[in-house]
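Any read-out appearing in this document is the output of simple, stated calculations on the displayed coordinates, not a laboratory observation. Since we're looking at a predicted model, the values are computed, not measured. Reconstructed Cβ throughout: ideal geometry from the backbone, glycine too, with neighbour counts over all protein chains shown.
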């Protein structure tokens, strides 16, 4: 647990990058590959790299230091933004649909 707390910022950044990569993979699987299997696999990957570890990192940090510090507040902010950004998710979904559908027509 000490390793995790000592490297929490690096872990958070790595997990955030992995979560965004899995998000784009999900959209590609949905529209580019048109595969429900790979879309579901991407969704599981997103859960494993996104929400779940972020919450656990925040909890571990809070348990370790017993205060609401900058790290925990940033995790809370990321989670709130994620839950409240339905409009942006729809825009991203529409972009992916247009982008990957255009690629399929070219081939």
ask   = Which of the residues that make up segment 24-57 are over 20 Å from residue 73 (Cα atoms), touching a residue at least 40 places away in the same chain (Cβ under 8 Å) and under 14 Å from the mean Cα position of the chain (by Cα)?
value = 24, 27
remark   = Residues in segment 58-86 that are in contact (Cβ under 8 Å) with a residue 40 or more places away in the chain and touching a helix residue (DSSP H, G or I) at 6+ places or on another chain (Cβ under 7 Å) total 6
key: The lone exception for residue 101 - which of (1) over 16 Å from residue 29 (Cβ atoms); (2) touching a helix residue (DSSP H, G or I) at 6+ places or on another chain (Cβ under 7 Å) it fails   = (1)
